[in-house]
Amino acid sequence: MTLRDAVPPEAPEGEAPSLDRGPGRGRTPARTCIVTRVTQAPEAMIRFVLGPDGTIVPDLRARLPGRGAWVTATREQVGAAIKRRAFLRAFKTSTAKAPPDLIEQVAEGLRTDLRQALALANKAGCVVTGFTKVESAILGSEGVAAVIHASDAMPDGRRKLAAALRRRYGETISAIPVMDALSSTELDMALGRDHVIHAALVAGAGTTGYLARWRRFRTFEGMASASGEDAPPQAGATALDLHDDGMR
């Protein structure tokens, strides 16, 4: 079967796109957004399912049972799905209910997913913490895959590590993401340590998973740009990196 055969066709004008078959029932390599009708890779989208009471529930790891409706992973498109009643058309029911805080549920879920991914990267030995250790890792022979600052980090520490990145990477510095999505409290929670202000990610499977989640979080919050730091995952980074065992 070719990729073309595996991708569900876009719905005709005026008809709702078909739902997926749910976890474990015939995976396809792409999904169709119920708002834009554009077919994309799953890691660029958010899956929604109906709860037992008819409430629309975000399924960030695509693991919940039942048929799901997929929406491009941005606040704008999730809001459009609610406003245009796209969920009702997709689920073919007039009783589906979108909770008033659905967008914030997705945002908080992505943030939680980001913390959990950092914890997994830490367990895999891919995280270095502390200003001195981070600076040494940047300037070391292996270098780093990304630098993490707490969102409440002081400017002085940021500047010094930025200078170290410039010395180490020169014109290729834009290839190293610099992140500040999480607060120091959230970093402490994720890493099981106190007073984490600066950290770095080194190459490894845990880093690949964290970067995929970070990109999706930024895209949802409208922070993605055309720079290299927000580019799609590199070769070998697939939906499996994003969803752990949820997409297998």
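Do the conditions hold for Asp156, that is, is it closer than 30 Å to Pro58 by Cα, modelled with pLDDT of 95 or more and not assigned by TED's automatic domain parsing to the domain that holds Asp59? Step through it out loud before you land on a result.
Working: closer than 30 Å to Pro58 by Cα: no; modelled with pLDDT of 95 or more: yes; not assigned by TED's automatic domain parsing to the domain that holds Asp59: yes.
Answer is no for this residue.
Please work out which one of (1) closer than 19 Å to Tyr210 by Cα; (2) modelled with pLDDT of 95 or more is the condition Glu135 fails and give its number.
(1)
Exactly one condition in (1) in a helix (DSSP H, G or I); (2) touching a residue at least 24 places away in the same chain (Cβ under 8 Å); (3) surrounded by 15 or more Cβ atoms within 10 Å (Cβ to Cβ) is not met by Arg158; state its number.
Going through (1) in a helix (DSSP H, G or I); (2) touching a residue at least 24 places away in the same chain (Cβ under 8 Å); (3) surrounded by 15 or more Cβ atoms within 10 Å (Cβ to Cβ) one by one, Arg158 breaks only (2).
When you check Thr28 against the structure, is it modelled with pLDDT under 95, of a type in the set (Val, Ile, Thr), surrounded by 13 or more Cβ atoms within 10 Å (Cβ to Cβ) and assigned to a loop (DSSP other than H, G, I, E, B), yes or no?
Details: modelled with pLDDT under 95: yes; of a type in the set (Val, Ile, Thr): yes; surrounded by 13 or more Cβ atoms within 10 Å (Cβ to Cβ): yes; assigned to a loop (DSSP other than H, G, I, E, B): yes.
The answer is yes for Thr28.
Return the pair list, or none, for Cβ contacts closer than 8 Å from residues in region 194-222 that are over 23 Å from Val106 (Cβ atoms) and touching a residue at least 60 places away in the same chain (Cβ under 8 Å) to residues that are among the β-branched types (Val, Ile, Thr) and part of a loop (DSSP other than H, G, I, E, B), at least 6 apart or on different chains.
Ala200/Val144; Leu201/Val144; Val202/Val144
Assess whether Ala73 counts as being in contact (Cβ under 8 Å) with a residue 60 or more places away in the chain, crowded, with 19+ Cβ neighbours inside 10 Å, farther than 20 Å from Leu191 by Cα and touching a Phe, Trp or Tyr at 6+ places or on another chain (Cβ under 7 Å). Spell out how you get there, then give the answer.
On the way: in contact (Cβ under 8 Å) with a residue 60 or more places away in the chain: yes; crowded, with 19+ Cβ neighbours inside 10 Å: yes; farther than 20 Å from Leu191 by Cα: yes; touching a Phe, Trp or Tyr at 6+ places or on another chain (Cβ under 7 Å): yes.
So Ala73 fits the description; yes.
Output the number of the condition that Ala86 fails; it satisfies all remaining conditions of (1) surrounded by fewer than 19 Cβ atoms within 10 Å (Cβ to Cβ); (2) hydrophobic (A, V, I, L, M, F, W, C); (3) at pLDDT 95 or above.
(1)
If a residue must be surrounded by 14 or more Cβ atoms within 10 Å (Cβ to Cβ), out of contact with any helix residue (DSSP H, G or I) (no Cβ under 6 Å at 6 or more places or on another chain) and part of a helix (DSSP H, G or I), how many such residues does region 163-184 contain?
2
Just to verify a result, which residue in region 95-132, among those that are touching a residue at least 60 places away in the same chain (Cβ under 8 Å) and either of a type in the set (D, E, K, R) or part of a strand (DSSP E or B) (or both), is surrounded by the most Cβ atoms within 10 Å (Cβ to Cβ)?
Selected residue: Val127.
The values are calculated or read from the model by the stated rules, or taken from the named source; none is laboratory data. Bear in mind that the values here come from a model prediction, so they are computed numbers and not experimental data. So basically every Cβ, Gly included, is an ideal-geometry build from the backbone, and we count neighbours across all protein chains shown.
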